[in-house]
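Asker: One structure is given below, represented as structure tokens, and several questions about it will come after.
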Amino acid sequence: MAQEDTVIAWLNDAHGMETALVQVLEHRVKDAKDYPTIQAKDQQHLEQTRRHAEMVKNCVERLGGSTSSVKTALAGLFGTMQAPMTGAAQDEMVKNCLTDYAAECFEVASYTALITAATEIGDMQTADMCRQILAEDQEMASWLAENLPTVVREQLREMSREGATV
Ligand SMILES: [Fe+2]
Ligand SMILES: [Fe+2]
């Protein structure tokens, strides 16, 4: 496989990932209705994620590829995250936060790999685009890490008030 084709295939994986995450974040915005700070951040990152998907799609097309019928294993993996839990768990906010942090870290790893690969084949435009996306995913990952302790404390308090069990 030509190196260019490998980069296109990896960009396609990234596109599948961003598309799946758009759906996850749409659910998160609804789930976080009682947590305005989280909801606002999820809404902001939803808009960024929609833009990421679009940027990657345009990039694949510029390189002569197509994103249309690609259903990556990765998209399937992230897709399962959005499945609304039957009888939503009482500790849903914490569980969402853990999954979302993992997903953002996965994005950071993916774009780090893509920046290296694009640079290797001399495609600086793709490398620059990946750097822009990486910065926003890194920022979201850091925000989730910083806010996890607050979410855990709030959720514990909430659950003891309601006498909820996991
Ligand atoms: Fe992203
Ligand atoms: Fe992201």
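Asker: With respect to MET159, determine if the residue is in contact (Cβ under 8 Å) with a residue 40 or more places away in the chain, more than 16 Å from ligand 1 (Cβ to nearest atom) and either part of a helix (DSSP H, G or I) or open to solvent by 40 Å² or more (accessible area, probe 1.4 Å) (or both).
Answerer: yes
Asker: Any residue that is closer than 22 Å to GLU26 by Cβ, at pLDDT 95 or above and surrounded by fewer than 19 Cβ atoms within 10 Å (Cβ to Cβ) - is there at least one of those in region 69-79?
Answerer: The answer is no, given that none of the residues of region 69-79 is closer than 22 Å to GLU26 by Cβ, at pLDDT 95 or above and surrounded by fewer than 19 Cβ atoms within 10 Å (Cβ to Cβ).
Asker: When you look at ALA2, is it of a type outside the set (S, T, N, Q), exposed (fewer than 15 other Cβ atoms within 10 Å of the Cβ) and modelled with pLDDT under 95, yes or no? Full working, then the answer.
Answerer: Working: of a type outside the set (S, T, N, Q): yes; exposed (fewer than 15 other Cβ atoms within 10 Å of the Cβ): yes; modelled with pLDDT under 95: yes.
For ALA2, the condition - of a type outside the set (S, T, N, Q), exposed (fewer than 15 other Cβ atoms within 10 Å of the Cβ) and modelled with pLDDT under 95 - is met.
Asker: Please determine, by comparing only the residues of region 90-148 that are within 15 Å of ILE8 (Cα to Cα) and among the small types (Gly, Ala, Ser), which one is farthest from ligand 2 (Cβ to nearest atom).
Answerer: GLY122
Asker: Determine if region 120-137 includes at least one residue that is farther than 17 Å from GLN44 by Cβ, open to solvent by 50 Å² or more (accessible area, probe 1.4 Å) and hydroxyl-bearing (Ser, Thr, Tyr).
Answerer: No; the residues of region 120-137 include none that is farther than 17 Å from GLN44 by Cβ, open to solvent by 50 Å² or more (accessible area, probe 1.4 Å) and hydroxyl-bearing (Ser, Thr, Tyr).
The values are calculated or read from the model by the stated rules, or taken from the named source; none is laboratory data. The model shown is predicted, which means the values in this text are computed figures rather than measured ones. As a convention, Cβ positions derive from the backbone with ideal geometry for all residues, glycine included, and neighbour counts pool all protein chains shown. Each accessible area value is taken on the protein alone, full model and side chains, heavy atoms only, with ligands, DNA and RNA left out. Shrake-Rupley method; radii C 1.70, N 1.55, O 1.52, S 1.80 Å.
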